[in-house]
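Each remark here refers to the structure printed beneath this line.
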Amino acid sequence: MIEKNNTWQLVERPFNKPVIGVKWVYKTKLNLDGTVQKNKARLVAKGYSQKPGIDYNETFAPMARLDTIRTLIALAAQNKWNLYQLDVKFAFFNGVLKEEVYVEQPQGFVKENEETKVYKLHKALYGLK
């Protein structure tokens, strides 16, 4: 699925850029009665190895302060504006990366005869800064 979304491109390992490792994170989703609903796997970048100014320039936290939300709601009520809710929790994953970021091939999905190559990311992965 990740290859269909143009998330990355397999390229030769760059000499002048660091390559970030990746790991699989597994989670089991349960039904209310405790039975297994489904097993999930997520590919996560080891973003703690990224260096400012090399792998990234800015970081953003997808959080809003509660006092900011209260102020906006009060302003909307005072001006009789309509309010709409939108979940943008994962909106940043659709954005194109500005920096050149390279990651290792994921364990279990290493391309045969191309073991020395790495992926150049076009879109963000979990764990990136």
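The values are calculated or read from the model by the stated rules, or taken from the named source; none is laboratory data. These numbers were taken from a predicted model, which means no experiment stands behind them. Ideal geometry is used to build each Cβ from the backbone, glycine not excepted, and the neighbour counts take in all protein chains shown. Surface areas here come from the heavy atoms of the whole protein model, side chains and all, with no ligands, DNA or RNA. Shrake-Rupley method; radii C 1.70, N 1.55, O 1.52, S 1.80 Å.
For the full complex of protein chains and a 1.4 angstrom probe, list Tyr26, Tyr102, Tyr126 by accessible area with the highest value first. Let's see the in-between values first.
Working: Tyr26 165, Tyr102 20, Tyr126 75 Å².
If we order Tyr26, Tyr102, Tyr126 from most to least accessible, we get Tyr26, Tyr126, Tyr102.
For the range 102-112, just list the computed ³J(HN,Hα) in residue order, Karplus coefficients 6.51, -1.76 and 1.60, θ = phi - 60°, integers in Hz, with x standing in for Gly and Pro.
In residue order, the calculated couplings are 10, 10, 5, 6, x, 4, x, 10, 6, 5, 5 Hz.
Compare the peptides 66-76, 27-37 by average per-residue count of other Cβ atoms within 10 angstrom and give them in order, highest first.
Put in order of decreasing packing, that is 66-76, 27-37.
So, taking all protein chains as they sit and a 1.4 Å probe, how much accessible area belongs to Lys23, in Å² rounded to tens?
100
Taking amide hydrogens as modeled 1.01 Å from N in the peptide plane, which residues meet the under 5 Å criterion relative to Lys46, leaving out close sequence neighbours?
Residues meeting the amide H criterion: Gly21, Val22, Lys23.
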